[in-house]
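The values are calculated or read from the model by the stated rules, or taken from the named source; none is laboratory data. Keep in mind that what you see is a predicted model, and the values were worked out from it rather than measured. Positions of Cβ are backbone-derived with ideal geometry, glycine not excepted, and every protein chain shown enters the neighbour counts. Surface areas here come from the heavy atoms of the whole protein model, side chains and all, with no ligands, DNA or RNA. Shrake-Rupley method; radii C 1.70, N 1.55, O 1.52, S 1.80 Å.
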Amino acid sequence: MTGRRRPSPRPFPRACAAATAVTACTAALASLLSACGSLPGTPGGSGEKEPLTVMTWAPVDTKATNMPGMPAMAQAYARWVNAQGGIGGHPLKVLTCNDHNDSVAAARCAQRAVEAKAVAVVGSYSQFGRSFISPLERNGIPYIGGYGVSDEEFASPLSYPVNGGQASLLAGNGRQLASVCERVSLVRPDTIQGDQMPALLGAGLSDGSRGAARDVRAPEDGTDYEDAARRALDGAKGAGGCVTATLGERTDTFFDSFRRLQPDGSKVRIASVLGSVGQALVDRTGGRSGPLEGAYLTGWYPVASDARWKPMRKVISDHAFGDNRIDPADPGVQTTWIAYTVLRAVVEQLGEEGVGTITAHTVQQALDRGDRAVDTGGLTPKLRWRSDDMLAVQDFPRIVNGLVTYQAVREGQLVAAKEGFVNVATTLERPRADG
């Protein structure tokens, strides 16, 4: 769990036990609730609708990739929307869970969502789709806007992704690099998810008439990547060569090893995808004088300084209370914001249709019908998940958004390297070699 533990309630005053002290009891109880703060998801008046319970999970405090900003963003979103009266009058109750980058823990998070009768799992991150999707499917709980690191997120009929996952990032990164690189080395984790990366990057490189990348496997939780850096440099072979690394939180460790090996004046360019490299990492490694200056990056959404993120930034400013887990430039935080935007649109639509009790089933039905496309304020194309909206992507049939953005590090800042979105749908749809 990543949420704060609610303070234990103090004993009710003795006055509440007296049948003749109804007024005193009510006043005392109201005073106690006021002192403790409002209880999330607890109806606050006779006219208030039933609360909506949802869950957001992510790995926190592990040796590999961590995404603490995702559950933190979910909690800030709940505070904001509840301050406005909830979603369609329903208070939003957000449960959070730590999947620990572990298959057993991921399954336990899913089971907790089932036991809590969650209407959806929203804006979450887990590599262990096989572990969490089965409990959700058995109980009809939709999975809205997962980060996109497991195959099941793009195969399960209960999954509603808001981006193209790592498939679109890798294909997009390949296309981005094809225009500037004669040779490419890909440094990626030695995991099941990592095994798909060479073919996806290769599809993008092939679109630019480039050959396949050198595949450099590396430990997901390594502390030194000197060997991987040597192999990557050998594959890039100097001028005209590029090294792209997608190791999650360990990407900075890799580039530190890479920097120590790379000779001064080397023409080898570096690259990555958003999520493995972001503004926080650029700042932490020296900004414009650091090793990431000039790097090419591929992301799902507009650059973090784009005005379209202004509503999210205001919610963070007003309702996150300085929570340093939430970085508005982090793709996990951004994905969570978009996923909750989808949830809100669907619940409000159900309210307009006169659906009184919102359940996982009614949310799923509304998503499947797709009567209205969800407008995310230009952060993605308008989203819906009807069969006609699915891209014909090998191994990833639930992808409905094939857009990516090209970014670069210039003067220590992540900026747009190309205006607007780049559509990699045709790249993804084309049959690929296994890499």
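Which of the peptides 237-249, 309-321 is most tightly packed, and how do the rest follow, judged by the mean count of other Cβ atoms within 10 Å per residue? Walk me through the intermediate numbers first.
On the way: 237-249: 21.7, 309-321: 16.3.
With the highest mean Cβ count within 10 Å placed first, the list reads 237-249, 309-321.
Over the stretch 294-435, what is the mean sequence separation of C-alpha contacts under 8 Å (at least six apart), divided by residue count, expressed as relative contact order in percent? Please report the intermediate quantities before stating the final value.
On the way: 158 pairs, mean separation 40.0, N = 142.
Reported relative contact order: 28 percent.
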Keeping all protein chains in place, calculate the accessible area per residue for the stretch 220-365 (probe 1.4 angstrom), answer in Å². 42 Å²
Suppose only helical runs count, i.e. DSSP H with n ≥ 4. What mean residue ellipticity at 222 nm does that imply for the chain under -39500 (n - 2.57) per run, divided by all residues and rounded to the nearest 500 deg cm²/dmol? -11000 deg cm²/dmol
Reciprocal mean inverse distance between Cα atoms of the stretch 83-136 - Kirkwood radius, Å: 12.1 Å
Residues with amide H under 5 Å of Tyr296's amide H, sequence separation 5 or more or different chain, H placed in the peptide plane at 1.01 Å from N; which? Ile270, Ala271, Ser272
Relative contact order (percent, whole number), the chain, Cα cutoff 8 Å, 6+ residue spacing: 17 percent
Would you mind listing how long the stretch 335-435 runs along its three principal axes, going by Cα atoms, in whole Å with the largest first? 51, 37, 18
Accessible carbon and sulfur surface of the stretch 364-435 relative to its total accessible area, %, 1.4 Å: 45 percent
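Carbon and sulfur atoms: what percent of the 1.4 Å accessible area of the stretch 319-358 do they account for?
Percent of accessible area from carbon and sulfur atoms in the stretch 319-358: 48.
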Roughly how tilted is helix 226-236, in degrees to the nearest 10 and between 0 and 90, from the longest Cα axis of the chain? 60 degrees
Among beta bridges assigned by DSSP with both residues in the chain, the antiparallel ones amount in percent, to the nearest 5, to 30 percent
Specify the angular offset, from 0 to 90 degrees and rounded to the nearest 10, of the alpha carbon long axis of helix 165-178 from the longest principal axis of the alpha carbons in the chain. 30 degrees
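How large, in percent, is the carbon and sulfur part of the accessible surface of the stretch 154-263 at a probe radius of 1.4 Å?
Numbers: 1720 of 3900 Å².
C and S fraction of accessible area: 44 percent.
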Treating the angle as unsigned and between 0 and 90°, give the value, to the nearest 10°, between the Cα long axis of helix 103-115 and the longest Cα principal axis of the chain. 30 degrees
Per the Cauchy relation, a quarter of the hull surface: what is the mean projected area of the convex hull of the alpha carbons in the stretch 135-197, in nm²? 5.1 nm²
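When only Cα pairs under 8 Å and 6 or more residues apart are kept, what is the percent relative contact order across the stretch 222-338?
22 percent
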In Å², and per residue, what accessible area does the stretch 87-216 have when probed at 1.4 Å with the other protein chains present? 31 Å²
Give a residue-ordered list of calculated ³J(HN,Hα) values for the stretch 133-149 (Karplus: 6.51 cos²θ - 1.76 cosθ + 1.60, θ = phi - 60°; whole Hz; x for Gly, Pro). 6, 4, x, 5, 5, 4, 10, x, 9, x, 10, 9, x, x, 5, x, 9
